[in-house]
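Asks: Sharing a structure below in structure tokens format, with a few things to ask.
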Amino acid sequence: MYMAYRENMTERTDEELIARCKNGDRHAFDTLVTRYQERIYWIIKRMVRNHDDAIDLTQDVFVKAYQKITSFREDSGVYTWLYRIGINMSLNHLRKRKLRQLLSFDDLSMEVPSDDQTPSQIHEKEEMRRLISNAIERLPEKQKIVFLLRYYEELPYEDISTILGTSVGGLKANYFHAAKKIEAFVRNAL
Amino acid sequence: MRCKEIEKLLPDFVSNKLSRTETQAVREHMKTCARCREEQESLRNIFLLLDNVKNLESASAKPVNVLAGVRTRINAGRKIRTPWVSLPRLVPYATVSAAILILGFFLLRTPQPDGKEYQIFTEQEERMLLQEIDTDSFTFEELLALSQTSFEEITSNSLLDLPDDAFITASEALTPINENDALTYALATTDPEDVLESLPSEVSEKILENFEKQSPL
């Protein structure tokens, strides 16, 4: 009976789940977490470049969403809302980390993703991954977010516009300039 | 379409994400524009590389499951520390941190051994910062006075009303080795999160920007 209920929940639309969440249905909220955790984790991971921090922040995103769900007005899709929370939390995290780095002399510039278990056969590919990661890391904040949302998350410009409050034309320009900078960075590094 | 408009379409063009009409427009434009053709070529190469790396990441990505962690945090009633939600709890810390910060920038404004005078904040930012802190517990005049007084006096006059844990934290931060080392010591032992979280984001962003530009550290 319980399992049937859970399975039934996975077929619900986001809107139905949100309505149930607002009525205190925890299973509906669990379904939202399961549905979006990967996407939220990856956008955060690409921003903070650290697995543990990304897991921690992803959890924070959903806890915050849970706390705020009753005030979610559904003007936008739930995933754009979750992305916005995730991006804001990542930016705050990065700013704090930057300040801490400035004040404590920590050197985070050499930080690499913690999940590197690179076998020697794919060493070259791993190097390329780091190169791309470094290129993205050096983008101006806005261009970086636009690039991550468009290229990796494959979001339509309209959704990105909702998340960032920027015009579609401006986003396309940001995306182009981000891609150009990545290209230049990689070209200079090779 | 002009080059400026075409170039905005190029990343999606090389990723095959344009509508048929847009694709046609880009193709037409490139027939007569060598610059955009070249641009398109270099973007195509970088997107090929990006795609390869993305596929590599996808292939090696481990599944993410945060559900248990989220449940635990919700059940434990863990609060997310956002500036406005946690401000009341942070007030004592923020006040002490702010005092340190204020003291810090006055110290920085005094000539350093190398003869330079460092200024972290513009006058406008100082005013913004001081106004924000003013709403906590200090007045502008009190902060000015604090900035010109000794660490011992700050400790004895300002910290006694704090809860025990805040008092210990603040005392540790405010016990200088000597006045010359005070700034470094205070900055190194103060949790910058408390300072940042107690301020509106536009103020904290400006502080950060200025630290980056002018920090002598």
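The values are calculated or read from the model by the stated rules, or taken from the named source; none is laboratory data. Computed from a predicted structure; not experimentally measured. Here the Cβ is made from the backbone with ideal geometry for all residues, glycine too, and neighbour counts use every protein chain on show. All accessible areas refer to the heavy atoms of the entire protein, side chains included, with ligands and DNA or RNA removed. Shrake-Rupley method; radii C 1.70, N 1.55, O 1.52, S 1.80 Å.
Asks: Suppose a student asked you for the relative contact order of segment B:3-60, using Cα pairs under 8 Å spaced at least 6 residues apart; what percent would you report?
Replies: Over segment B:3-60, the number comes to 40 percent.
Asks: Could you state how much accessible area A:Glu158 has, in square angstrom rounded to the nearest 10, with a 1.4 Å probe and all protein chains kept in place?
Replies: Taking all protein chains as shown, A:Glu158 has close to 110 Å².
Asks: Kindly write out, for segment A:34-42 in residue order, the coupling ³J(HN,Hα) from the Karplus curve 6.51 cos²θ - 1.76 cosθ + 1.60 (θ = phi - 60°), rounded to whole Hz, with x marking Gly and Pro.
Replies: 4, 5, 10, 4, 4, 5, 5, 4, 5
Asks: How large are Rg and Dmax for segment A:120-190 when only the alpha carbon atoms are used, in Å?
Replies: 13.6, 45
Asks: How many partner chain Cβ atoms sit within 10 Å of a residue's Cβ in peptide A:31-37, on average, as a whole number?
Replies: Counting other chains' Cβ atoms within 10 Å and averaging over A:31-37 gives 3.
Asks: I've got another one for you. Shielding by partners for A:145-155, please: the mean number of other protein chain Cβ atoms within 10 Å of each residue's Cβ.
Replies: Taking the mean over all residues of the peptide, I get 2.
Asks: Next question, about the same structure. In segment A:120-190, if the dipole is taken from +1 on Lys/Arg beta carbons and -1 on Asp/Glu beta carbons about the Cα centre, which of A:Tyr151, A:Ala189, A:Thr162 is farthest to the positive end?
Replies: A:Ala189
Asks: Show A:Thr166, B:Thr72 ordered by accessible area, largest first, where the area counts protein heavy atoms only and the probe is 1.4 Å.
Replies: B:Thr72, A:Thr166
Asks: Any idea what Rg and Dmax come out to for segment B:3-60 if you just take the C-alpha atoms, in Å?
Replies: Answer for segment B:3-60, Rg first and Dmax second: 12.8, 43 Å.
Asks: What pairs from A:Lys22/A:Lys96; A:Lys22/B:Lys17; A:Lys181/B:Lys17; A:Lys22/B:Lys62; A:Lys22/B:Lys54; A:Lys22/A:Lys172 go past 27 Å between their alpha carbons?
Replies: A:Lys22/A:Lys96; A:Lys22/B:Lys17; A:Lys22/B:Lys62; A:Lys22/B:Lys54; A:Lys22/A:Lys172
Asks: Give me a comma-separated list of calculated 3J(HN,Hα) values for segment B:45-60, in order, Karplus coefficients 6.51, -1.76, 1.60 applied at θ = phi - 60°, integers in Hz, x for any Gly or Pro.
Replies: Working through the residues one at a time gives 5, 5, 6, 5, 4, 4, 4, 4, 5, 5, 5, 4, 4, 4, 5, 9 Hz.
Asks: Follow-up question, since we're still on this one. Using only the heavy atoms of the protein chains and a 1.4 Å probe, how would A:Lys96, A:Lys68 rank by accessible area, largest first?
Replies: Correct descending sequence by accessible area is A:Lys68, A:Lys96.
Asks: Quick one: Cα centre-to-centre distance for segment A:52-100 and segment B:19-57, in angstrom?
Replies: 33
Asks: Check each residue of segment A:157-190 and keep those whose accessible area, probe 1.4 Å, is at least 10 Å² smaller with all protein chains in place than in the chain alone; give them in order of residue number.
Replies: Relative to the lone chain, where solvent access is computed with a 1.4 Å probe, segment A:157-190 loses at least 10 Å² at A:Tyr157, A:Gly169, A:Lys172, A:Ala173, A:Tyr175, A:Phe176, A:His177, A:Ala179, A:Lys180, A:Ile182, A:Glu183, A:Val186.
Asks: Tabulate in residue order the Karplus-calculated ³J(HN,Hα) for segment A:81-86, using 6.51 cos²θ - 1.76 cosθ + 1.60 with θ = phi - 60°, rounded to whole Hz; enter x for Gly and Pro.
Replies: 5, 5, 4, 4, 4, x
Asks: Measure off 7 Å from each Cα along the Cα-to-Cβ vector at A:Phe72 and A:Arg138, then give the distance between these two points in nanometres to one decimal.
Replies: Spacing of the two 7 Å Cα→Cβ label points: 3.8 nm.
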